[in-house]
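Here the structure comes first, spelled out in structure tokens, and everything after it is commentary.
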Amino acid sequence: MAHSSPIEWTESTWNPVTGCTKISPGCKNCYAKRMAERLRLMGQPNYANGFELTLQPRALELPLRWKKPQRIFVNSMSDLFHDDVPLDFIHKVFSVMERASWHQFQVLTKRAERLAELSASLLWTPNIWMGVSVENAAYTNRIDFLRLTGASVKFLSIEPLLGPVGVLDLRDIDWVIVGGESGPGARELKRAWVTDIRRQCRAAKVAFFFKQWGGVNKKRTGRTLDGRTYDEMPIVSTTQTARSLPVLA
Ligand code: SF4
């Protein structure tokens, strides 16, 4: 059975790698770290090392057993392009994504430079959506590295949004997710930062997904913006090649 996910923009999670190390300000209150430590205390075998980076070869083939087609967030508890994940293991993950062609895989990284370096050696089947995280204007260069990859669907996760992002180069980008930080110690999200990104997505005809305002109690703050939700997704054709026009929710 697939691991269903409460994350609004996906359906399931698959973690062939667990654990990570912090790399930029967006990592400060990392949810995966908190969760990994909790799972270790609960005695979950995959988290015996807590948040230390650990390959999970036994989890590799799981999506092949999930018969129902779904969107799968790859490594919600890690970062596939972390320096400590060997290239050979990344190739194995890509091989599973190729063979499990009935699913759509959403891979997200903050290690955009390594992603770009390795891209030519990876098989980018059309069911692989590749994204980079951007938390503020200082990290928009990750988008340039993403553009260098062969992924047919490219997306940005601008979460936790920690400051204005400035002018975004959205050429060749299909989808933008925006959200505020949630949980203990959540940092402030300003409405103007969100509406500026929405405006830029509209101008570039890029699908815009507003995930949450966040805060200490994210259920209370919700996810409506100007009285509605934004759940736009990239258009994926039957051959799963992305087009640039968004599906309006
Ligand atoms: S890259 Fe992601 S998983 Fe790794 S520490 Fe940062 S927020 Fe957590």
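The values are calculated or read from the model by the stated rules, or taken from the named source; none is laboratory data. Keep in mind the model is a prediction, meaning the values are calculated, not measured. Positions of Cβ are generated from backbone atoms using ideal geometry, with glycine treated the same way; all protein chains shown enter the neighbour counts. The protein model used for the area step is the full one, side chains on, heavy atoms only, and it has no ligands, DNA or RNA in it. Shrake-Rupley method; radii C 1.70, N 1.55, O 1.52, S 1.80 Å.
Residue by residue, here is whether (1) farther than 28 Å from LYS219 by Cα; (2) open to solvent by less than 20 Å² (accessible area, probe 1.4 Å); (3) in contact with a helix residue (DSSP H, G or I) (Cβ under 8 Å, 6 or more places away or on another chain) holds:
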{"position": "SER24", "(1), (2), (3)": "no, yes, yes"}
{"position": "ARG38", "(1), (2), (3)": "no, no, no"}
{"position": "LEU53", "(1), (2), (3)": "yes, no, no"}
{"position": "LEU64", "(1), (2), (3)": "yes, no, yes"}
{"position": "ARG99", "(1), (2), (3)": "yes, no, yes"}
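Filter segment 134-144 down to the residues that are open to solvent by 40 Å² or more (accessible area, probe 1.4 Å) and either touching a Lys or Arg at 6+ places or on another chain (Cβ under 9 Å) or in a loop (DSSP other than H, G, I, E, B) (or both) and list them by number.
TYR139
Condition check: over 14 Å from the mean Cα position of the chain (by Cα), part of a loop (DSSP other than H, G, I, E, B), acidic (Asp, Glu) and under 23 Å from CYS30 (Cα atoms). Does ASP172 satisfy that? Let's see the steps before the verdict.
Numbers: over 14 Å from the mean Cα position of the chain (by Cα): yes; part of a loop (DSSP other than H, G, I, E, B): yes; acidic (Asp, Glu): yes; under 23 Å from CYS30 (Cα atoms): no.
Judged against the criteria, ASP172 is not a match.
Of all the helices (runs of 4 or more DSSP H) wholly in segment 34-118, which have at least 3 residues that are within 13 Å of the ligand (Cβ to nearest atom)? Walk me through it before giving the result.
Working: elements: 62-65, 87-99, 112-118.
The qualifying helices (runs of 4 or more DSSP H) are 112-118.
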| Taking interchain pairs and intrachain pairs at least six residues apart, which have beta carbon atoms under 9 angstrom, with the first residue in segment 84-101 and farther than 15 Å from ARG58 by Cα and the second in a helix (DSSP H, G or I) and open to solvent by less than 10 Å² (accessible area, probe 1.4 Å)? | VAL85/VAL93; MET97/PRO63; ARG99/PRO63; ALA100/PRO63
